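Note sheet for the following structure.
The values are calculated or read from the model by the stated rules, or taken from the named source; none is laboratory data. Owing to the predicted nature of the structure, the values given are computational and were not obtained by experimental measurement. Backbone-built Cβ (ideal geometry, glycine too); neighbour counts: all protein chains shown. Areas reflect the complete protein model, heavy atoms only, side chains present, ligands, DNA and RNA absent. Shrake-Rupley method; radii C 1.70, N 1.55, O 1.52, S 1.80 Å.
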Amino acid sequence: MTFVVLRRDLPGFPNDNTLQINYIFPDGIQTGKHPHPGQPYPGLRLCAYLPDSREGRKVLKLLDKAFNQQLLFAVATSKDGRDLVTPSIPLKTQPDGGSRDDSYPDSDYLKTVRQLLKDKGIE
């Protein structure tokens, strides 16, 4: 997990730059804690976005803590039967896009993520 600061704002956060968080998982073999131990799964490259604000930085630290405790992603079986690396909480993977669940604007997102992480023991 790495991040960079983009010199652009997110919808709903006009006075803040953007934190782009980068997650990279290589292809792997499932272990005993996955749905099908011994079977392969494809890697994942994913970007997520937060406002570069005081609250956004707090959420970034919490996401980093959850990532390091291996609570942020899991290998799960999709509806079509494929095993994939997937986020265990909603991430904003599009910087804008209107009412889509994975984009901004979303005035409750930071509060929602903090609560979901708190439910996982991350504070």
Taking R0 as 35 Å and r as the Cβ-Cβ distance between Arg57 and Arg100, the FRET efficiency 1/(1 + (r/R0)^6), rounded to the nearest 0.05, comes to 0.90
Rotationally averaged projected area of the stretch 62-117 (alpha carbon convex hull; nm²): 4.5
Nearest 10 degrees is fine. How inclined is helix 54-68 to the longest principal axis of the chain, computing both from alpha carbons? 10
Value of [θ]222 nm, deg cm²/dmol, for the chain, DSSP H segments ≥ 4, -39500 (n - 2.57) each, nearest 500: -6500 deg cm²/dmol
Rounded to two decimals, what ratio of Rg to Rh does the chain give with C-alpha atoms and a Kirkwood Rh? 0.99
What are the trypsin sites (Lys or Arg not before Pro) within the stretch 1-34 that DSSP puts in a loop, where the Cβ has at most 10 other Cβ atoms within 10 Å? Arg7, Lys33
Step through the table entries Lys92/Lys120; Lys58/Lys79; Lys79/Lys118; Lys58/Lys120; Lys92/Lys118, compare each Cα-Cα distance with 22 Å, and write down the pairs that go over it. Lys58/Lys79; Lys79/Lys118
With a 1.4 Å probe and all protein chains in place, put Lys111, Lys118, Lys58 in order of accessible area, largest first. Lys111, Lys118, Lys58
What is the antiparallel percent of DSSP beta bridges lying wholly in the chain, to the nearest 5? 95
Model label zone, Phe25; criterion: amide N under 19 Å from point 7 Å along Cα-to-beta-carbon; scope the stretch 74-110: 74-94, 102
